[in-house]
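Enquirer: Just passing along the structure, written as structure tokens.
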Amino acid sequence: MSHFLRRQGWVVGLFALLIVLFIATTIIQPAYGSNDFGSLARAVLPYAFAVAAQTVVVIAGGIDLSVAAMMALTSVTAASMMNGASEEYALFVMPFVLAMGFALGALNGLLIVVTRVPDIVVTLAMLFVLQGAALLVLDAPGGGIAEWLKALISGTVPIPGLPDAVDAWLPKALLVLIVCLCVIWIPLRRSRLGLSIYAIGSSELAAFRSGVPVKRTRIIAYALSGLFAAFGGLALTMSTGIGAPIPGPYLLASVAAVVLGGVALGGGKGGLLGPIVAVFVLRLVRTDLTLLAIDPNVTAIIEGLIMVAVVMFGAFITMRGRQ
Amino acid sequence: EGKYTIGISNTVQGNGWREEMVCAMKAQALASGEVAKLNIAHRNTDAAGQLEDIRNLISAKVDAIVVNPADPAGIKAGLEEATKAGIVVVAVDQAVTEPSAYIISNNQEQYAYLGAKWLFQQMGGKGEVFYMRGAAGASADSDRDKGFKKALAENPGVKVAQEVFTGWQQDQAKQQILSFLSTGTPFNGIWTSGIDNVIVDALVESQAPLVPIVGADNAGFVGQLSSVKGLVGAAVTNPGSIGGAGVTLALQILDGKKPAQQTVLVDPQLWDNATDEGKAKLKAAADPSLSPEWPVSISIPEWTTYTKEQIVACKGPGE
Amino acid sequence: MSTSAISPQSVPFGRRLKRLMADRPLIPLVILLVILVVILQILRPGIVNERWIANTIKFAIPLAILAGCQTMTMLTGGIDLSVGTVATISAFIMATQIVNQDPAVAFLLAMMPAVLIGLVNGIGVGVFRVHPLIMTLGTSLIGTGCLQVYQRTVIASGAKIPDFLAWLGTGVTWGFPNALLLFVPLAALIVFTLARTGFGRLLYAVGDNERATRLSGVQYWQVITALYITSSVLAGITGLLYIGLIKAPSLSLAEPLVLPSVAAAVIGGTSIFGGRGGYTGTIIGALILTVLTTLLTILQMPEGARRILFGLIVLFVTAAYLRIVEER
Amino acid sequence: MTTSPLLDASGVAKNYGAVAALRNASLSVLPGEVHALMGANGAGKSTLVKILTGAVPANAGRILIRGEARDIRSPAAARRAGLLPVYQEPSLIPDLDVLSNLRLTSTPVEPFRAWVRELGILDLDLRDTARDIPLAVLRVLDLARALAVEPDVLLLDEMTAALPANLAEKVLEVVRRQGDSGRAVIFISHRFVEISALCDRATVLRDGETVGVVDIVPGVEEKIVELMLGTRIVKTHVAARSAAEKAAPAPSSPRIAVHNLRVGTKLGDVSFDLADGEVAGVVALEGQGQDELFAALAGSIRPSGGTIEVDGQPVKFAHPIDAIRAGIAYVPGDRSEALAMQRSVRENIALPFSAAFRNWGPINMRRERATVIGAIERLQIDTRAQGEVQRLSGGNQQKVTIARWIAADARTILCFDPTRGIDVGTKQEIYKLLRELAGNGKSVLFYTSELEEVQRVCDRVIVIFGGKLVDIFPVEEADEPALMRAAYGLPRGAKADIGILADPTAHASDAPEARP
Ligand SMILES: Nc1ncnc2c1ncn2[C@@H]1O[C@H](COP(=O)(O)OP(=O)(O)OP(=O)(O)O)[C@@H](O)[C@H]1O
Ligand SMILES: Nc1ncnc2c1ncn2[C@@H]1O[C@H](COP(=O)(O)OP(=O)(O)OP(=O)(O)O)[C@@H](O)[C@H]1O
Ligand SMILES: [Mg+2]
Ligand SMILES: [Mg+2]
């Protein structure tokens, strides 16, 4: 139990914060219901994938500045391929785009390993490259998407045996998120590859000496990041129905949520659950600020303050813990 | 005394034009006396983020949503949900593809066409033009590009000497024009997408020939058109006050006065300093007290009722 | 594996050259810069003239100062993402306050938020040990929000660019940009500080091994707080210079310089992990980036291809530089 | 014996830029033997181990395993070839728990558990994160992890250097048995006692070259030292200091007085004095609270109770700077804790001079150079590998950590195991230095994990056990058996058998470093 609390304490705290926020939301807007929760889940989707992409590389001791640009590129690719195409064609586009994300992510990793240029610089350069590529694919927002893909994240899933009242609180978007992340993350976390990712983030030298193939693991970590970013790009296209070549605000948001989620920038520590919960917290804060009709300029200040305050609080606890 | 709550969604923050638009919305809401509360979502984000904001506004149970779309097609789903929830939706500045939404918009294609046509006339229908676009990949930019290309097609003698994207950023634009000037490439005119006063500054600073130049009706540029000696140019109006017009339209619909068409286009005007008529318009419009990035056309007759003090104060109902 | 031993006597010329470059990392950087300029001259014959050089220097200087902020913070293993916001705030306050205030008062008002943000950054990083990336990102968000609120209170009073700043930012005397009057002493001061003062030594040492400096009696929070305040003040000064150059106070004036400032420091050979680097390299890095931007503007190609090229060149330059310097 | 060697390396060379870490090293190990690898600091032992186990690539050389040429490119490849190292630095992943570490290296858990118990660690929780485990235990876990996969050749790089006597004891026993069971062990240590107790043969390196292979027989130590040091003349026999030299000071007020010092649960009620001109030894097994004692005196951690007086004035240290201002300097045992590895020797030595806020201004380069060079000469630091400290060998790095405080002229120096992993020659220099400091009126608190050092250096011995100060006695009574008993918390005068090292009749009796 103490092991669990020591390791998951931060995530538990975040969950508590999330619940407090939900209660606050229902106080602000008593009519807040399952539909609104569905909206939240859909808003979370692209951020959650961006954060997952960032989390994997941060755990591996790196950082990926190209996450948002990767999402833009995969999004425009999907949108331009599916534009005017048949519904079935999307079945081919999806894996293609995911594979593209995986390959471009691997390219990130490969460049870091081969050139030995620090990851932050390689991914910064890749940010420009991917952005440029996105502009070559579509020079203005546009494209289209299969209807069934749009329907995949809207509405709820009727689960037999569950009362409708409960069903209504299970938006498809949330299920898609859970399924996509779990299918990749849970087996990974338990595998030797997963351990290797933590190992190279924790201590590269020790990992090397423990027989971990450091370079290969790093490349795979970036490839996974690219894969998650491609999911994020698809999520963008699924929710908007188009592809936009200009990256959205996902880079900074992903870094912020990773840190809020208890993953140390520096590597080796944390998991995926914390950052995902952090994304929910950040999105719900935005909802509350809108519901409260707060001056929009003040909302920027509040979001910044929350970020700084929570992280300072975390730092403060760790300091107390150390003494 | 107001009875309505109006939600506003905008996705570019810190840009003079957009700030004026939001202030016009606030001022109009206050001046109309019909609005109890404004609920503003105003931040830098993309279409997906705007969907989130629109849905939050739906959760907040507003009566109408006035939106400057990040993308015409990208927020269709959100707007549809809003209409279903009984909310009046008005898009300003750019069109949207959602059929149930009302649109009151500056005509971006016409904006570019009007200015470029005038410019090419000034150049005598031939020569080289320096083409300074906005942000690559933005829908307003690609609409304007269509208008520019149309004028270009009508003037086969005019060639594009160089095409650059300023990203609607002053510093980038200035560096680009200075680099361009230093190459010594001959050019006979400049068409720039809304970033204009720094371009004139750059020409003056580097003592380059003052070729004809077309920009927007930003306060700084309008002032330059009357004050800089030897400068021939024209400002094409692209009023940020369209935001106020959007609020008016929304209120009209809420009051049951539906407009004849779903789409209302506000056509741009061109004020040049080559004709006396244009000069008079420029003089009337010039307003040195405004921030140079703000468009001078701070009101649209028939659509806005606030005073200059009100829009400059930038205060909505209850503030 | 071969069994041949390595004889240290005869060092071939190639290796000697490489070692020379490794010991003097500025040489390869300058060579890279020259190569870029030559390419530019080939693409557009005649472009490299006095005026172009003056322009390039004018735009490289604000970037170089902000990259100086990054260099110093990166030496301690940090980064300062708030420099763009700080520069913008200072510039905006200066341009709006000068309308009704004495220049000296306006200057002090403009620098106040810079000092404040630096102080908050310093305390967050130095005392609470928040990761600098997050800390400076947070303060930059807060700063931007405050600027938006402030902007509404001064819309009515208008803005003005002080003549002195315009002279400093855009003026050229005998072919030399006036901005050099500010930059040369500033750069000399930074270089001297890093190489020959106790504070500079501490920046390197703290970035290398913080525990060791603690055992030697160094108080981390003092060093870090002083560092982030210095960085912010430099950013504030950059803002003033930059508004003199651009002459249009906007709410996102210096934001576009942030990522390039990081890139300039890295290209200039400063390690993002701390403990290694210097300012002279950074200055060249800033020049390289500015020339590169011009080069890409001049090239006639789709915007997408231009960005791809920019990314590839930055990557290539950094990789080539590392290759050369690490050959020891 | 005609058995063919298990491992046979020859002509191994390794260059780091201009510095040749290894020139022509060779090493041949037979099955069933414990083979010592010896050499002075900087001789290249660690580098050779790293090459053999694929951690660094060699520039030249040939490695045969069971007569077959193998190209070992990575630790994983070395593992497959049956070569398993325990490096000087712990190799567990700090942020993973022990169990995950085992899974990462595909180490069977049950044998590992058995070995851990065998090696004397009874209360290990496999769910503990490696970062939270004390250094000495980590080293033992590394060894257990290596043993659990039953390697053909085990390479131990200064395995015992950071271990307290009780754990070192167990390690030696286990290693001995490995040799007996037909496997081979390569054993690096600077402690002759261990070598004579354990090893069959020794390969001696000097300046990156193998200069001899000797059988370990009584009396061979002199020969090894000769090989190791070459022309360097070192007095290997330092007698315990004469009574006159000891001149036990009887000062009126002590330099440092500690009363009832407590630090959390680790240290309780410790009281003692330290006088000017005195070297006080601290003896304790691993983890008895000595780390906390030193850290508290150095201002690194805050005591939870008790008082510290300096020159009769009570002091409270909130930060090492407070201790340094009171003239107390701390030399940690782990040099990576003390050095800025990418900076020069000069900057490292001069570091304390810039610490205070008022010294943040311009540096007087000439004065600094003079001070630094003085300290370098005094400690005879080999700065052959110019530039960054990380290019120095371990021993020379260690000297830099002390040189800093010589240059800063600290009045009291707290030395925590300063001779860990250092060759005999350098050790003598450090002993001499500490005595000289005392002679100049400075005071030294000296923790050592090598009991035989106590009599060479100290005036008094403070024994800590279980976080309590159990005994203080004069150096005359501090022979090794007495110290060992005290360290185990046994009352003075009691007799108990505590292993081969304490047994004065073992091979160690003829070692040059043994008691006179
Ligand atoms: N990375 C490096 N760069 C330059 N020189 C190095 C490097 N590593 C080691 N050396 C040099 O190579 C020589 C051999 O070093 P090595 O650490 O192998 O010796 P050692 O026998 O392990 O000594 P010690 O017992 O002091 O650790 C030393 O003189 C050292 O300065
Ligand atoms: N695989 C590796 N990857 C990166 N750095 C390495 C690797 N192997 C060794 N090094 C580095 O090479 C340098 C030389 O090591 P060296 O042999 O001197 O060790 P050492 O600590 O002096 O050992 P000892 O004190 O036991 O003799 C060290 O700084 C070490 O960090
Ligand atoms: Mg060694
Ligand atoms: Mg060594």
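The values are calculated or read from the model by the stated rules, or taken from the named source; none is laboratory data. The model shown is predicted, which means the values in this text are computed figures rather than measured ones. Don't worry about glycine lacking a Cβ; one is built from the backbone with ideal geometry, like all the others, and counts go over all protein chains shown. Please note that ligands, DNA and RNA were not included when accessible areas were found on the heavy atoms of the full protein model with its side chains. Shrake-Rupley method; radii C 1.70, N 1.55, O 1.52, S 1.80 Å.
Enquirer: Residues in the stretch D:316-339: is at least one within 15 Å of ligand 2 (Cβ to nearest atom), more than 8 Å from every other protein chain (Cβ to nearest Cβ) and open to solvent by 20 Å² or more (accessible area, probe 1.4 Å)?
Expert: Yes: the stretch D:316-339 contains one or more residues that are within 15 Å of ligand 2 (Cβ to nearest atom), more than 8 Å from every other protein chain (Cβ to nearest Cβ) and open to solvent by 20 Å² or more (accessible area, probe 1.4 Å).
Enquirer: Mind checking which residues of the stretch D:13-29 are away from ligand 4 (no atom under 15 Å from the Cβ) and either within 14 Å of another protein chain (Cβ to nearest Cβ) or at pLDDT below 90 (or both)? Reasoning before the result, please.
Expert: We begin by selecting, within the stretch D:13-29, every residue away from ligand 4 (no atom under 15 Å from the Cβ); these are D:13, D:15, D:17-18, D:23-24, D:26-29.
Those that are away from ligand 4 (no atom under 15 Å from the Cβ) and either within 14 Å of another protein chain (Cβ to nearest Cβ) or at pLDDT below 90 (or both): D:Ala13, D:Asn15, D:Gly17, D:Ala18, D:Arg23, D:Asn24, D:Ser26.
Enquirer: Could you check B:Tyr113 against (1) touching a helix residue (DSSP H, G or I) at 6+ places or on another chain (Cβ under 7 Å); (2) assigned to a loop (DSSP other than H, G, I, E, B); (3) at pLDDT 90 or above and say which number it fails?
Expert: (2)
Enquirer: Sticking with this one: Just give me the residues in the stretch A:207-239 being part of a helix (DSSP H, G or I), surrounded by fewer than 24 Cβ atoms within 10 Å (Cβ to Cβ) and of a type in the set (Gly, Ala, Ser), in sequence order.
Expert: Selection gives A:Ala223 alone.
Enquirer: So if I check each of D:Ser336, D:Ser300, D:Ser253, which one is modelled with pLDDT under 85, under 30 Å from C:Gly277 (Cα atoms) and of a type in the set (S, T, N, Q)? Can you show your working first?
Expert: Values: D:Ser300 fails: modelled with pLDDT under 85; D:Ser253 fails: under 30 Å from C:Gly277 (Cα atoms).
From the options D:Ser336, D:Ser300, D:Ser253, the qualifying one is D:Ser336.
Results for (1) within 16 Å of ligand 3 (Cβ to nearest atom); (2) surrounded by fewer than 24 Cβ atoms within 10 Å (Cβ to Cβ); (3) within 11 Å of chain C (Cβ to nearest Cβ); (4) outside any helix (DSSP H, G or I), shown as yes or no for each residue.
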| residue | (1), (2), (3), (4) |
| --- | --- |
| D:Gly374 | no, yes, no, no |
| D:Glu377 | no, yes, no, no |
| D:Gln398 | yes, no, no, no |
| D:Ile406 | no, yes, no, no |
| D:Asp409 | no, yes, no, yes |
| D:Tyr431 | no, yes, no, no |
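Enquirer: Out of all the residues in the stretch A:181-204, which are among the β-branched types (Val, Ile, Thr) and more than 10 Å from chain D (Cβ to nearest Cβ)? Spell out how you get there, then give the answer.
Expert: Keep residues of the stretch A:181-204 that are among the β-branched types (Val, Ile, Thr), which gives A:183-184, A:186, A:197, A:200.
Those that are among the β-branched types (Val, Ile, Thr) and more than 10 Å from chain D (Cβ to nearest Cβ): A:Val183, A:Ile184, A:Ile186, A:Ile197.
Enquirer: Moving to a separate point now. Could you grab me the full set of residues in the stretch C:234-261 that are open to solvent by less than 10 Å² (accessible area, probe 1.4 Å), at the interface with another protein chain (Cβ under 8 Å from one of its Cβ atoms) and among the hydrophobic types (A, V, I, L, M, F, W, C)?
Expert: C:Leu245, C:Ile246, C:Ala248, C:Leu253, C:Ala254
Enquirer: Going residue by residue through the stretch A:117-126, is there one that turns out to be open to solvent by 20 Å² or more (accessible area, probe 1.4 Å), outside any helix (DSSP H, G or I) and more than 13 Å from chain C (Cβ to nearest Cβ)?
Expert: Checked the stretch A:117-126: no residue is open to solvent by 20 Å² or more (accessible area, probe 1.4 Å), outside any helix (DSSP H, G or I) and more than 13 Å from chain C (Cβ to nearest Cβ).
Enquirer: Would you mention how many residues in the stretch B:275-304 are open to solvent by 50 Å² or more (accessible area, probe 1.4 Å), small (Gly, Ala, Ser) and farther than 21 Å from B:Ala29 by Cα?
Expert: The qualifying residues number 2.
Enquirer: Now a separate question. From the list A:Ala257, A:Ala253, which one is open to solvent by less than 10 Å² (accessible area, probe 1.4 Å) and either assigned to a helix (DSSP H, G or I) or touching a helix residue (DSSP H, G or I) at 6+ places or on another chain (Cβ under 8 Å) (or both)?
Expert: Numbers: A:Ala253 fails: open to solvent by less than 10 Å² (accessible area, probe 1.4 Å).
Criteria check complete, one pass: A:Ala257.
Enquirer: Here is a list of conditions, (1) assigned to a loop (DSSP other than H, G, I, E, B); (2) within 16 Å of ligand 1 (Cβ to nearest atom); (3) modelled with pLDDT of 90 or more, and D:Gln88 meets all of them except one; can you say which number that is?
Expert: Tallying (1) assigned to a loop (DSSP other than H, G, I, E, B); (2) within 16 Å of ligand 1 (Cβ to nearest atom); (3) modelled with pLDDT of 90 or more, D:Gln88 fails exactly one: (3).
Enquirer: Oh, and also: Can you say whether D:Ala55 is within 16 Å of ligand 3 (Cβ to nearest atom), part of a strand (DSSP E or B) and buried (at least 17 other Cβ atoms within 10 Å of the Cβ), as far as the supplied structure shows?
Expert: Values: within 16 Å of ligand 3 (Cβ to nearest atom): yes; part of a strand (DSSP E or B): no; buried (at least 17 other Cβ atoms within 10 Å of the Cβ): yes.
No; evaluated as a whole, the condition is false for this residue.
Enquirer: Mind listing whichever residues of the stretch D:10-47 are near ligand 2 (Cβ under 9 Å from one of its atoms) and either among the hydroxyl-bearing types (Ser, Thr, Tyr) or part of a helix (DSSP H, G or I) (or both)?
Expert: The answer is D:Tyr16, D:Lys45, D:Ser46, D:Thr47.
Enquirer: Restricting the search to the stretch B:66-117, which residues are within 13 Å of chain A (Cβ to nearest Cβ), open to solvent by 20 Å² or more (accessible area, probe 1.4 Å) and free of Cβ contacts under 8 Å to residues at least 24 places away in the same chain?
Expert: Answer for the stretch B:66-117, where residues must be within 13 Å of chain A (Cβ to nearest Cβ), open to solvent by 20 Å² or more (accessible area, probe 1.4 Å) and free of Cβ contacts under 8 Å to residues at least 24 places away in the same chain: B:Lys76, B:Glu80, B:Lys84.
Enquirer: In the stretch D:45-60, what count of residues is obtained for those that are closer than 13 Å to D:Ala20 by Cβ and away from ligand 4 (no atom under 14 Å from the Cβ)?
Expert: 3
Enquirer: Let me ask something else. Among D:Glu169, D:Glu173, D:Glu194, D:Glu221, which is the only one that is away from chain C (no Cβ under 14 Å), of a type in the set (Asp, Glu) and within 16 Å of ligand 1 (Cβ to nearest atom)?
Expert: Numbers: D:Glu169 fails: within 16 Å of ligand 1 (Cβ to nearest atom); D:Glu173 fails: within 16 Å of ligand 1 (Cβ to nearest atom); D:Glu221 fails: within 16 Å of ligand 1 (Cβ to nearest atom).
Every option except D:Glu194 fails the conditions.
Enquirer: Could you tell me which residue of the stretch B:15-49 is farthest from the chain's Cα centre (by Cα), considering only residues that are surrounded by fewer than 20 Cβ atoms within 10 Å (Cβ to Cβ) and at the interface with chain A (Cβ under 10 Å from one of its Cβ atoms)?
Expert: Restricting to residues being surrounded by fewer than 20 Cβ atoms within 10 Å (Cβ to Cβ) and at the interface with chain A (Cβ under 10 Å from one of its Cβ atoms), the top hit is B:Lys37.
Enquirer: Return the residues of the stretch D:143-196 that are modelled with pLDDT of 85 or more, open to solvent by 20 Å² or more (accessible area, probe 1.4 Å) and touching a helix residue (DSSP H, G or I) at 6+ places or on another chain (Cβ under 9 Å); say none if nothing qualifies.
Expert: D:Arg145, D:Val149, D:Glu150, D:Lys170, D:Glu173, D:Arg176, listed by residue number.
Enquirer: Now for a separate question. So, in the stretch D:381-422, of the ones that are on the phi > 0 side of the Ramachandran plot and at pLDDT below 80, which residue ends up nearest to ligand 4 (Cβ to nearest atom)? Spell out the reasoning first.
Expert: So in the stretch D:381-422, the residues on the phi > 0 side of the Ramachandran plot come out as D:387, D:409, D:417, D:421.
From what's left, at pLDDT below 80: D:387, D:421.
On the way: D:Gly387: 17, D:Gly421: 8 Å.
Among them, the one singled out is D:Gly421.
Enquirer: I would also like to ask the following. Could you say which residue among A:Tyr47, A:Tyr89 is at pLDDT below 90 and touching a helix residue (DSSP H, G or I) at 6+ places or on another chain (Cβ under 8 Å)?
Expert: On the way: A:Tyr47 fails: at pLDDT below 90.
Criteria check complete, one pass: A:Tyr89.
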